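Quick notes on the structure that follows.
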Amino acid sequence: MPETIVLKGEHGLPYSKGLMAQSLSASGLAPDRAYEAARVLESRLDERTEIDVEDLRELAAAVVREQEGEEAAKRFLDWEGLDRLERPLIVMLGGAPGVGKSTLATLLAGRVGVTRVIATDAIRQVIRAFFSHDFMPVVHYSSFEAGATVDPAEVGDGDPDIVGYLRQVASVRTGVAAIAERAIQEGTPTILEGVHLVPGSLSDDAASRCALVEAVVVIEDEDAHRDHFSLRGGSRPSMRYLRRFDQIRKLQAHLVDRARDRGVPVIDATSLDAGVAEGMELIRRKVSAELSD
């Protein structure tokens, strides 16, 4: 059976049932339903040697409309609009250690088709390589231990743990801004995740030049949060985090308060499936709003 070539301008690639199923899954269809819709679509392409990418989108939407309804078709078309955005999508997921930010970011990237996922811990590690402990001590501690660099006399009634954390956030912010600026200039969709992404981290100018989605990821239940550390292995032993669990919960409370002050969504990732669904919906709404504008 000859392959159907999907054309975009003068260039084309063979139709991929797997990639189409991924796109359909991103729009909210269950994986088995997405694969079935992609199979039906493939059967309707049997007699065609080539199809324009826009015509393929419309044909796929028609299949989804028949099988899943009008709302599902609209969600699919919203997702398919991601590569037509005039401003690049930038997703910023903040959150305290141990809430599943990295896992959530990776899953969202796979569902949406974003290939650039960057952790702010990696940015901090680069800064540590350039600046000695004596010159910039705050970046040489974990976010929940940064209070050790703060003289309590400097903060008065303030909390040294929060003050130290915010100083570390300020030190990492320049790197975050540089990553975001490069994504904007290249037009590359990007997901950033990390404890240093306090709501409002991106400047108003940068935010105006991208399709920005911000969220704070949390684990509301304390026991469930502790369990996340207990399940960690490898080079991140759980006891180090559990000994500082009170400080970690302080960081979460601070991030939640900041999110509420700025109207930034808070995603409870106790259920990872529910967290992914909520994150996907936030991105879909942003894509839809950008296309409407």
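What follows draws every value from the coordinates through simple rules; no lab data is involved. All values reported here derive from a predicted model rather than from experimental measurement. Using ideal geometry, Cβ is built from the backbone for each residue, glycine included, and neighbour counts are taken over all protein chains shown.
Compute the helix-to-body angle for 120-130: its Cα long axis versus the longest principal axis of the chain, expressed 0 to 90° and rounded to tens.
50
List the residues, sorted by chain then number, that are 5 or more residues from residue 50 or on another chain and whose placed amide H is less than 5 Å from its amide H.
Answer set, sorted by chain and number: 5.
Which order do peptides 86-93, 184-191, 67-74, 250-257 fall in by mean Cβ count within 10 Å, highest first?
Packing order, densest peptide first, comes out as 86-93, 250-257, 184-191, 67-74.
Per the helix-only calculation at 222 nm, which mean residue ellipticity applies to the chain, given -39500 (n - 2.57) for every DSSP H run of n ≥ 4 and division by its residues, nearest 500 deg cm²/dmol?
So the helix-based figure for the chain works out to -17500 deg cm²/dmol.
Quick one: which residues, 5 or more positions from residue 212 or on another chain, have an amide H under 5 Å from its amide H? H modelled 1.01 Å from N in the peptide plane, none for Pro or chain starts.
90
Once you keep just the Cα pairs under 8 angstrom separated by 6 or more residues, what percentage relative contact order results for the chain?
It comes to 23 percent, rounded to a whole number.
Using Cα springs under 10 Å in a Gaussian network model of the chain, which residue among 144, 135, 229 shows the largest mean-square fluctuation?
Of the options given, 135 has the highest mean-square fluctuation.
Name the residues whose placed amide hydrogens come within less than 5 Å of the amide hydrogen of residue 268, ignoring near sequence neighbours (fewer than 5 apart) on the same chain.
Correct list: 218.
Order 104-114, 151-161, 262-272 from most to least packed using the mean count of other Cβ atoms within 10 Å.
In descending order of packing, they fall as 104-114, 262-272, 151-161.
Once you order the gyration tensor axes a ≥ b ≥ c over the Cα atoms, which shape class does region 143-251 get: rounded for a/c under 1.5, otherwise prolate or oblate by comparing a/b with b/c?
oblate
Please say if region 5-83 is rounded, prolate or oblate, where rounded means a/c under 1.5 for a ≥ b ≥ c the square roots of the C-alpha gyration tensor eigenvalues, and otherwise the choice is prolate for a/b larger than b/c and oblate otherwise?
prolate
Which pairs break 24 Å Cα to Cα here: 8/74; 250/286; 101/286; 101/250; 74/286?
Flagged as over cut-off: 250/286.
Could you size up the charge dipole of the chain around its Cα centre, putting +1 on the beta carbon of Lys and Arg and -1 on that of Asp and Glu, and report it in debye to the nearest 20?
Roughly 840 debye for the chain.
Order these peptides, 203-216, 275-288, by their mean beta-carbon neighbour count within 10 angstrom, highest first.
Going from most to least packed, we get 275-288, 203-216.
First check a/c for the chain, with a ≥ b ≥ c the square roots of the eigenvalues of its C-alpha gyration tensor; if it is under 1.5, answer rounded, and if not, answer prolate when a/b is larger than b/c or oblate otherwise.
It is prolate, given that a/c is not under 1.5 and a/b is the larger ratio.
For region 243-258, in order, what is each residue's ³J(HN,Hα) by Karplus, 6.51 cos²θ - 1.76 cosθ + 1.60 with θ = phi - 60°, in whole Hz (x at glycine and Pro)?
Using θ = phi - 60°, the values come out as 5, 10, 4, 4, 5, 5, 5, 4, 4, 4, 4, 5, 5, 5, 4, 5 Hz.
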